[in-house]
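Only the coordinates and a few stated rules stand behind these numbers; no lab work does. Note that this is a predicted model, so its numbers are computed, not measured. Don't worry about glycine lacking a Cβ; one is built from the backbone with ideal geometry, like all the others, and counts go over all protein chains shown.
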Amino acid sequence: MIHSLPPGLIMVIGALLLPLLGRRFSAWGALALSVASLAAFWTTPDFHVVNLTLFGNELNVVRVDRLSWIFALVFHIAAITASVYALHVKDTRQHIAGMVYAGSAIAACCAGDMITLFVCWELTAVSSVFLIWATGTEKSYRSGMRYLIIQVISGVLLLSGAIVHFHDTGSLAFGHFLGLVPGQTGSVRELGLGAQLILLAFGIKGAFPLLHNWLQDSYPNGTPTGTVFLSAFTTKLAIYSLARGFAGLEELIWIGCAMTLFPIVFAVIENDLRRVLAYSLNNQLGFMVVGIGIGTELSLNGTAAHAFCHIIYKALLFMSMGAVLLRVGTTKATELGGLHKSMPWTTIFCIIGAGSIAGFPLLSGFISKSMIISAAGEQHRFVLWLLLLVASAGVMEHSGIKIPFFAFFAHDSGKRVKEAPWNMLLGMFIAAFFCIALGINYPALYQLLPFKMHHAYVPYTPAHVIMQLQLLLFAALAFVFLMKTNLYPAETRSTNLDTDWVYRKLLPWLIGIGGAVVGWVDRGIRLCFRAMLGGVFDRFQRLFNDRGALGGTWSTSLMAFWAAILLGVCLLLYYF
C-alpha cells in the first residue's frame, strides 16, 4: 500500500500534524518523519511505477528508476541530517516548511509525468520561502518575495511548456525532450517550443547565468537551519530534471562552463561568507550541467555522483556557517577570525567540508568531480577539460581556503563564544562522515549510479591523484602569495553588485522615471484640454450673454427679417 504513494508524501502529510506535537517536540517529529520516509522508500522495488488516470489522461505519478532513486536517496539523507541539525529550533513553522519542502522535492524526482512534476515543483517553491521569511526581518521578507516570484515564474513556464508539448505530441510523459520537432522528419535533434519553455523553467531553478541571482539573494537571508534545507533541494531538483529531459544538449556544456567560472570572481570579493557559499554552489552546479551536456554514460554518472556528494558537503559548509551565525550573530569575514579557539569542532567539520568541495583525495568531491572532467577528456574536448581544471582551482581558493581561513583563523577578532549546540555538531558529524566515507569507499556510491559502466572507473590512479594534488597545491600557493603581497582583494564592508541590480534597482528606477514622464505628459494634456475647453466656454458666454449676438434683445424688424430668410430657405428646400 505504501508503495502506491509518491515517495516523500509521508513527510508532506506528516508535516501537517506537527503542530499537534507542540513547539517542544515538533523538531523530533520532523526527524521521525524523515527517517520513516527513508525506511518506506528503501523498500521500494526497482523500476517501480504507479499510474493514475485523470480526465482521460494517464499520469505516471511514481516512477522509480536508477536515476530517480539516487537523487531521492540523497534527498532523504539531506532531510535527516538537516532535521538533526535543527533539533534545537522551537519554531514549528520552520519544521513544517522543511518537511513539506523536502517531501515535495523527493516526490518531484520520482514523478513520471509533467503534471505531477509541476505540482511538486510549485510545492517546493511555496514551502521553501517560509524558511527565508522565518528570519523575521524586513530584508528577509523582501528577499523571500523576490525568491517566490522567480520560483513561481519557473513553475508557470513549466506548466506552459507542458501544455504546448502535450498539444504537439499528445504526451504528458516526463522524459527526454531532445528529439524531433513536431511536424518535421529526419534525425534533426532540436527542441520544440514546449521543450524550450521547459528548459527555461529548469534553467531558472538551476540558476543558469543571468538567471542565478535569486540564489545569492535568498539563501544568505534564510535562518541558520533553513539555509541547510535550501542548499540541498531546489537546485539539485533542477539538475535531476535536466539530466532526465535534456541529456546531450550541446548548449548545456557552455552554459555549465560559464556557471563554473563567473562565480569565482564574485566569491573572491564577497564579504558575507554565506553569500560566498551561494556563489560556490552556483559554481558546483556548473560542473553538473557540463556533465549533462556531454551526455555520455560516464558524464551522467559523474553528474549524479557529484550531485550526491555536493548535497552533503555543501550542507556541511552551510551548517558550519550556520553555527557561526548562531553563536556570533554574523558571517561577515570582516567581523570573524580566531573562532577556532572557541569552536574547535565546528572548525574541523568546516575544514572537512572545504576539503571535500576542493576535491582533496580521500574526500567525496575527489571521486565525483573527476568523473565529469574525465568524461570531457574522453570526448577529446581539450578546451572544456582545461576550463574545468581552472574552475576546480577557483573552488579551492574561494571555498577550500577562504571559508575556513577567514571564519576561524586569519586575524583574531577577539570573539569568544560557546561551541555549537550538540545537535548541530551531530548534524555536522553525520555530513562529515559521509564526506570521508564516500571518498574512501567510492565503489559503494558507484554501484548506485544510473548507468552500469562497461569498465570500472577508478579515481585513485597515480596520474589523477598527482595532478589533483598539484592543482590544489598551486592554488593554495597562489592564495598565500596574494595574501603576503597584499594583492588579494581585501575583505571590506561593502555590497557587491551582480546582475540582480538590473531588476532590484535599475528596473524600479526606470519604472519611476517612466511614471514621472507619463504623469508629466498626462498633466500637460489635461492642462491643454482644460484651456481649450475654457476658451470654448468663454466664446459661448460672449455669444449668449445679454450683450452677445445670440443672447441680446433683437428689434421687431430684425426678427421679421430673419423669419423671412428662414421661410425662404424652407421654400427652396421644399421645391428641391
Three-way shape label, the stretch 363-457, alpha-carbon gyration tensor, a/c 1.5: oblate
Of 483, 339, 352, which is farthest on the positive side of the dipole of the stretch 247-492, counting Cα position, with +1 on Lys and Arg Cβ, -1 on Asp and Glu Cβ, and the Cα centre as origin? 339
Of the candidates 469, 421, 443, the farthest towards the positive dipole end of the stretch 396-514 (Lys/Arg Cβ +1, Asp/Glu Cβ -1, centred on the Cα centre) is 421
Test item: Cα-centred dipole of the stretch 247-492, Lys/Arg +1 and Asp/Glu -1 on Cβ, debye: 600
By the gyration tensor of its Cα atoms, with a ≥ b ≥ c the square roots of the eigenvalues, what is the shape of the stretch 93-141: rounded for a/c under 1.5, prolate for a/b over b/c, or oblate? prolate
For residue 345 and residue 52, what does the FRET efficiency come to when R0 = 41 Å and r is the distance between their Cβ atoms, rounded to the nearest 0.05? 0.30
Which order do peptides 503-509, 114-120 fall in by mean Cβ count within 10 Å, highest first? 114-120, 503-509
May I ask which of 90/418; 205/505; 236/369; 332/369 have a Cα-Cα span longer than 24 Å here? 332/369
Taking K and R as +1 and D and E as -1, what net charge do the other residues with C-beta under 11 Å from the C-beta of residue 347 add up to? 0
By average Cβ neighbour count within 10 Å, what is the ranking of 368-375, 146-153 from highest down? 368-375, 146-153
Within 10 Å, count the other beta carbons around each residue, average over each peptide in 92-105, 382-395, 238-251, and list them highest first. 92-105, 238-251, 382-395
Using the 2.2 N^0.38 Å rule of thumb for compact globular proteins, work out how the stretch 22-117 stacks up: its C-alpha Rg over that value, please. 1.20
Can you give the helix-only mean residue ellipticity at 222 nm for the chain, where every DSSP H stretch with n ≥ 4 adds -39500 (n - 2.57) and the sum goes over all residues, rounded to the nearest 500 deg cm²/dmol? -23000 deg cm²/dmol
Net lengthening on full extension, residue 528/residue 559 (0.36 nm per residue, minus Cα-Cα): 7.2 nm
If you compute percent of Cα pairs over 47 Å apart for the structure shown, which of (i) 31; (ii) 23; (iii) 55 do you land on? (ii)
How large is the charge dipole for the chain, taken about the Cα centre, if only the Cβ atoms of Lys, Arg (+1) and Asp, Glu (-1) carry charge, to the nearest 20 debye? 1460
Let me test this: with uniform point scatterers at the alpha carbons of the stretch 160-310, what is the Debye-based log₁₀ I(q)/I(0) at q = 0.09, 0.18 1/Å? -0.31, -1.03
